[in-house]
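In what follows, a single structure is set out as structure tokens and then discussed.
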Amino acid sequence: MAATAQEDGVRSQERGQRGCEHYDRGCLLKAQQTCEECSTLFGEYYCSICHLFDKDKKQYHCENCGICRIGPKEDFFHCLKCNLCLAMNLQGKHKCIENVSRQNCPICLEDIHTSRVVAHVLPCGHLLHRTCYEEMLKEGYRCPLCMHSALDMTRYWRQLDDEVAQTPMPSEYQNMTVDILCNDCNGRSTVQFHILGMKCKICESYNTAQAGGRRISLDQQ
């Protein structure tokens, strides 16, 4: 039987490629969407490059990504710098980071580039799975990589302005200042210390961190 299989393998090489060197049956390997004999449909969607069979989910093959993605195709574009297919509403409206899609999601640590879950682009340019982004917002609002605000916080900052104005600090803290670093604009400034938050003087964000010790003004010493 082994000798016969080897002879069949030699004859198959004369007729064309029929598998790798370990494939002894000598059958012609040809992936296609339908059976040549009975026209049975193997998959509503078939990619001749990825050899992917699947139900119709409006898939399309992206040559730049090198894989098939769930569409429809007209709803997505490929960002060459980010190296990923993104929603059309992000074209020209997102911050690009070269090959950012080749990094793992910082929340679940799973691959982003080949994931079936849609990627969400943060204002800072970092990517998260959409589902991970939604879960993250239940706990906080900062990018887990750079601490930049993950969404437009302007309305909340104005609410915080009102809360700060309505919550005076005790007299011993009213003239206390502190150096802060803003996570949104990366600017440094010296502001009045307040327990509810310290607003950046440059971009008016409360997404700040204390960058130095507290100081009492000379008038209070």
Largest-first principal axis extents, alpha carbons of region 55-185, Å: 68, 27, 24
Pair-distance profile P(r), taking every C-alpha pair of region 171-217, with 10 angstrom steps and integer %: 33, 54, 13, 0
Estimated vicinal HN-Hα couplings, Hz - region 185-200 in sequence order (Karplus 6.51, -1.76, 1.60; Gly, Pro = x): 10, 6, x, 10, 7, 10, 9, 6, 6, 9, 5, 7, x, 10, 8, 5
For Asn183, distant residues with modelled amide H under 5 Å away: Thr208, Ala209
Stretch gain in nm, segment Met169-Arg102, where the contour uses 0.36 nm per residue and the Cα spacing is subtracted: 19.4 nm
Per-residue SASA entry for Lys81, accessible area with 1.4 Å probe, Å² rounded to 10: 100
Residues with amide H under 5 Å from that of His120, placed H, sequence gap 5 or more: Leu128, His129, Arg130
Table column - 3J(HN,Hα) (Hz), region 52-58, Karplus curve with 6.51, -1.76, 1.60, x for Gly and Pro: 9, 10, 6, 5, 6, 10, 6
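The values are calculated or read from the model by the stated rules, or taken from the named source; none is laboratory data. Since this is a predicted model, take the numbers as computed values, not measurements. What goes into the accessible areas is simple: the full protein's heavy atoms, side chains included, and nothing from ligands, DNA or RNA. Shrake-Rupley method; radii C 1.70, N 1.55, O 1.52, S 1.80 Å.
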